[in-house]
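Asks: Quick one: this structure, given as structure tokens, is what I'll be asking you about.
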Amino acid sequence: MREILYGRNPVYECLRARRRDVFKVLLAQGAEEKGTLAAIVALAREQSVPVLRVERQQLDRTGAHDHHQGVAAEVSAYPYVSLDELLSLASARGELPWLVLFDCLQDPQNLGTLLRTAEVVGVHGVVIPGRRSAEVTPAVVSASSGASEHMRVAQVTNLVRAMEQIQARDVWIAGLEDVPGAQVVWEADLIGALAVVVGSEGQGMRRLVRETCDFMIRLPVRGQVGSLNAAVAGSVALYEVARQRGLSEPGAGPAGL
């Protein structure tokens with residue numbers, strides 16, 4: 001299966017990550033090869049990927065409409081990985097596991113935003129259910145500004161079963177939802193081996209998913225609006241986890257995040 005990635009950062013990060021087969025890069029006629037476009041062309045040539053000049057209207061017809069920024073790439077399908085690979089990555093880095101699970105998150109923009117945050121703060125991997133959930137489509141890659149190309153994502157048949165497998169590896173699971181008994185996120189202990197569950201837009205977590213969590217965390221609110229959207233709430237929570245784990249630039253501290 002092949003698909004079209006569009007936009008300068010998504011195409012650039014795809015080439016840089018080297019996790020997909022890239023069959024060709026399409027550049028709009030007249031687009032100047034400078035900045036990110038120049039970097040895309042250089043990486044494509046380095047990897048022996050054909051670079052073709054096409055009419056801008058041809059890029060418009062790829063489904064990107066006016067979001068392609070003058071570049072697209074024909075690539076293989078997104079490379080999902082196994083749950084074991086996510087946990088092995090943490091071990092290979094000599095770090096305590098840190099995963100994020102999305103329970104039926106359906107909006108591509110929200111998924112892309114959360115994948116971008118997860119990649120930036122150093123999450124080892126993301127788990128999504130195979131049904132009733134947004135997948136990593138070109139729209140999600142665009143929303144993540146290409147960060148999804150570096151993030152390991154496992155797509156599972158049964159999210160609760162995956163949670164149980166994670167717990168069996170001595171990883172605690174925190175559900176992000178404002179329910180009775182939930183701890184304020186910066187008062188909770190989030191330093192150890194951890195997975196954070198973010199629920200769907202509007203509905204939150206399904207009952208069995210919530211009941212399988214080891215504990216619940218929430219974001220406090222003071223305004224008239226009772227909650228944040230899933231992408232914003234999840235991003236705030238992930239940064240709090242990163243703060244507790246000692247988020248630092250690479251090489252600048254012991255956490256290595």
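The values are calculated or read from the model by the stated rules, or taken from the named source; none is laboratory data. It should be emphasised that the depicted structure is a prediction, and the values quoted were computed from it without experimental measurement. Here Cβ is always computed from backbone atoms with ideal geometry, including for glycine, and neighbour counts include all displayed protein chains.
Asks: Filter region 128-137 for residues that are touching a residue at least 40 places away in the same chain (Cβ under 8 Å) and crowded, with 23+ Cβ neighbours inside 10 Å and give the result.
Replies: Val136
Per-residue answers, yes or no, for (1) at pLDDT 95 or above; (2) surrounded by 12 or more Cβ atoms within 10 Å (Cβ to Cβ):
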{"position": "Ala17", "(1), (2)": "yes, yes"}
{"position": "Val22", "(1), (2)": "yes, yes"}
{"position": "Ala28", "(1), (2)": "no, yes"}
{"position": "Glu33", "(1), (2)": "no, yes"}
{"position": "Ala42", "(1), (2)": "yes, yes"}
{"position": "Glu46", "(1), (2)": "yes, no"}
{"position": "Val54", "(1), (2)": "no, yes"}
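Asks: Select from region 38-50 the residues that are out of contact with any Leu (no Cβ under 7 Å at 6 or more places or on another chain), among the aliphatic types (A, V, I, L, M) and in contact (Cβ under 8 Å) with a residue 12 or more places away in the chain and write down the one among them that is farthest from Gly7 (Cα to Cα).
Replies: Let us first name the residues in region 38-50 that are out of contact with any Leu (no Cβ under 7 Å at 6 or more places or on another chain), namely 38-39, 41-42, 45-46, 48-50.
If we keep only those that are among the aliphatic types (A, V, I, L, M) too, we end up with 38-39, 41-42, 49.
So of that shortlist, the ones also in contact (Cβ under 8 Å) with a residue 12 or more places away in the chain come out as 39, 41, 49.
Values: Ala39: 13, Val41: 14, Val49: 17 Å.
The qualifying residue farthest from Gly7 (Cα to Cα) is Val49.
Asks: Do any residues in region 143-162 that are more than 16 Å from Val123 (Cβ to Cβ) have Cβ atoms under 8 Å from those of residues that are of a type in the set (A, V, I, L, M) and in a loop (DSSP other than H, G, I, E, B), where the two are at least six apart or on different chains, and which pairs are they?
Replies: Within 8 Å, no pair qualifies.
Asks: Moving on to the next point. Could you please find all residues in region 88-115 being under 23 Å from Trp172 (Cα atoms), part of a helix (DSSP H, G or I) and either aliphatic (A, V, I, L, M) or under 9 Å from the mean Cα position of the chain (by Cα) (or both)? I'd like the intermediate steps shown before the answer.
Replies: We begin by selecting, within region 88-115, every residue under 23 Å from Trp172 (Cα atoms); these are 88-105, 111, 114-115.
Now drop any that are not part of a helix (DSSP H, G or I), which leaves 88-92, 111, 114-115.
Once the filter is applied, which keeps residues that are under 23 Å from Trp172 (Cα atoms), part of a helix (DSSP H, G or I) and either aliphatic (A, V, I, L, M) or under 9 Å from the mean Cα position of the chain (by Cα) (or both), region 88-115 yields Leu89, Ala90, Ala92, Leu111, Leu114, Leu115.
Asks: Please determine whether any residue of region 78-92 is over 30 Å from Met205 (Cβ atoms) and touching a helix residue (DSSP H, G or I) at 6+ places or on another chain (Cβ under 7 Å).
Replies: No, region 78-92 has no match at all.
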